[in-house]
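Worksheet: the structure to be examined is printed underneath.
The values are calculated or read from the model by the stated rules, or taken from the named source; none is laboratory data. Computed from a predicted model, the values in this text were never measured in an experiment. As a convention, Cβ positions derive from the backbone with ideal geometry for all residues, glycine included, and neighbour counts pool all protein chains shown.
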Amino acid sequence: MNKVGFLTIGQSPRSDIIPTFTEIFNKDIKIVERGALDSLNEAELLTVLARNEKNTSISRLRDGRSIIIDRRKLLPLLQMELSKLEQEVDMVVVLSTDDFSKLTCEKTIFYPNRIVTQMISAMADQPKLGLIIPLEEQRETMLEKWKDISEDITIAVASPFDYGNFEEAARYLRDYRVDLIVLDCMGYNEEHRQLVRKESGILTILPRTLVAGIVLEYL
């Protein structure tokens, strides 16, 4: 039986994401979850909160609350949990589209940011790209992340964790006549994708299903 590890930048379990993977896998596998913030208590969580507009990531705590994290403080916590997780599984999936490629892992590891950007690059040459992201503070980071894929990027903000206005975001990108839309966070789900696609009429990419399809090839 294959053992797949899932590493979230928040707290595990991620009951909002893992069912998507198990449905797509449709195989008898063992899933092991770990989170960068699993070992932190309420007081310790305050120490990893983002204090400025740069280097921010957003994730979910096990009680459903969202948390905005300083990515610089996140990396050592992620590495600590990853080092334990890789001892228990055959492969690891990072549950974030942010760039955490500095992590070290001896097992096969899937980075959604690489999968999604390379897939979009393969689909279209310099597309007029629309992004929906969770936080306004991530705008500059996202522009930097996608600059080699597109020179024409339009960004709208709608959080998957805090009742973002997806209809408004979809109309905004539609009015800019983008070629395709990427929901750039693993927290977005199929309901969000369908809503954006219906409102905009534009091809909308959901990273979690894209990543799940790639991982499935390894099972």
* Structure fact -> Flagged in region 50-83 as hydrophobic (A, V, I, L, M, F, W, C) and assigned to a helix (DSSP H, G or I), in numbering order, are 74, 75, 77, 78, 80, 82
* Those residues that are of a type outside the set (A, V, I, L, M), part of a loop (DSSP other than H, G, I, E, B) and within 21 Å of residue 177 (Cα to Cα), I need them from region 111-133; list them, please. => 125, 126, 127
* Asked: How many residues does region 69-99 hold that are touching a Lys or Arg at 6+ places or on another chain (Cβ under 8 Å) and either under 14 Å from residue 57 (Cβ atoms) or among the hydrophobic types (A, V, I, L, M, F, W, C) (or both)?
  -> 10
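Just to be sure I understand, how many residues within region 162-187 are in contact (Cβ under 8 Å) with a residue 60 or more places away in the chain and either assigned by TED's automatic domain parsing to the domain that holds residue 12 or surrounded by fewer than 20 Cβ atoms within 10 Å (Cβ to Cβ) (or both)? Walk me through how you get there before you give the answer.
Taking region 162-187 as the starting set, the residues that turn out to be in contact (Cβ under 8 Å) with a residue 60 or more places away in the chain are 162, 180, 182, 184-187.
If we keep only those that are either assigned by TED's automatic domain parsing to the domain that holds residue 12 or surrounded by fewer than 20 Cβ atoms within 10 Å (Cβ to Cβ) (or both) too, we end up with 162, 180.
Of the residues in region 162-187, 2 are in contact (Cβ under 8 Å) with a residue 60 or more places away in the chain and either assigned by TED's automatic domain parsing to the domain that holds residue 12 or surrounded by fewer than 20 Cβ atoms within 10 Å (Cβ to Cβ) (or both).
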* Structure fact -> Conditions (1) out of contact with any helix residue (DSSP H, G or I) (no Cβ under 9 Å at 6 or more places or on another chain); (2) farther than 21 Å from residue 56 by Cα -> residue 162 fails only (2)
* Structure fact -> Exactly one of 9, 29, 18, 69 is without any contact (Cβ under 8 Å) to a residue 40 or more places away in the chain, surrounded by 13 or more Cβ atoms within 10 Å (Cβ to Cβ) and of a type in the set (A, V, I, L, M, F, W, C), and that residue is 18
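Pick out the one residue from 95, 75 that is over 12 Å from the mean Cα position of the chain (by Cα) and surrounded by 14 or more Cβ atoms within 10 Å (Cβ to Cβ). Steps first, answer last, please.
Working: 95 fails: over 12 Å from the mean Cα position of the chain (by Cα).
Just a single option satisfies the conditions, and that option is 75.
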